[in-house]
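Since the structure comes first, as structure tokens, the remarks are kept for the end.
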Amino acid sequence: MMDEVKIMFTFNGNNETIECKRNEYMIDIYKRYVMKIQVELNKLYFLCNGSLKCPEEIVNKIIKNDEKIIKMIVYELENDEDNETNLKQSKDIICPICNEICLINLKDYKITFSMKWP
């Protein structure tokens with residue numbers, strides 16, 4: 001098993017690749033990435049395989065089998081001041097990405113949320 005991995009970040013249609021080691025923490029990789037794109041780290045969030053990736057995670061926990069490239073989608077957090085006027089109380093769980101109602105799935109004592117399809 002090789003020790004080096006490449007992470008391809010996609011942000012606003014642009015791809016950037018960062019090389020890293022399997023035992024590195026994601027926060028260190030995120031810091032290198034934001035230095036390249038000149039955006040503040042606290043204004044971004046990172047998704048891999050549809051789930052949010054915690055900065056305290058180790059690369060090895062994200063990798064499946066012998067993957068050599070991990071693809072991550074990067075989104076910019078919206079400005080809270082702009083959204084405060086548009087917020088409404090909802091009885092449903094709303095997806096923070098697409099703002100649609102989420103379905104709640106319970107299986108083997110695990111809760112997952114998925115998008116509601118028409």
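The values are calculated or read from the model by the stated rules, or taken from the named source; none is laboratory data. The structure displayed is predicted, hence computed values, not measured ones. Glycine gets a Cβ as well: all are built from the backbone with ideal geometry, and neighbour counts include every protein chain shown.
Details
- Inter-residue pairs, beta-carbon under 6 Å, first within 12 Å of Tyr75 (Cα to Cα) and in region 29-42, second at pLDDT 95 or above, 6+ apart: none
- Scanning region 28-80 for residues that are under 11 Å from Phe9 (Cβ atoms) and in a helix (DSSP H, G or I) returns Ile29, Tyr30, Arg32, Tyr33, Val34, Lys36, Ile37.
- Whether a residue is at pLDDT below 75 and under 29 Å from Ile37 (Cβ atoms) was assessed, and Glu81 passes this test.
- Total residues in region 12-27 satisfying the condition of being touching a Lys or Arg at 6+ places or on another chain (Cβ under 9 Å) and either more than 14 Å from Ile73 (Cα to Cα) or part of a helix (DSSP H, G or I) (or both): the figure is 3.
- Qualifying residue in region 86-94 (condition: modelled with pLDDT under 85 and within 28 Å of Thr17 (Cα to Cα)): no
- Residue check, Ile7 at pLDDT below 90 and under 25 Å from Pro96 (Cα atoms): no
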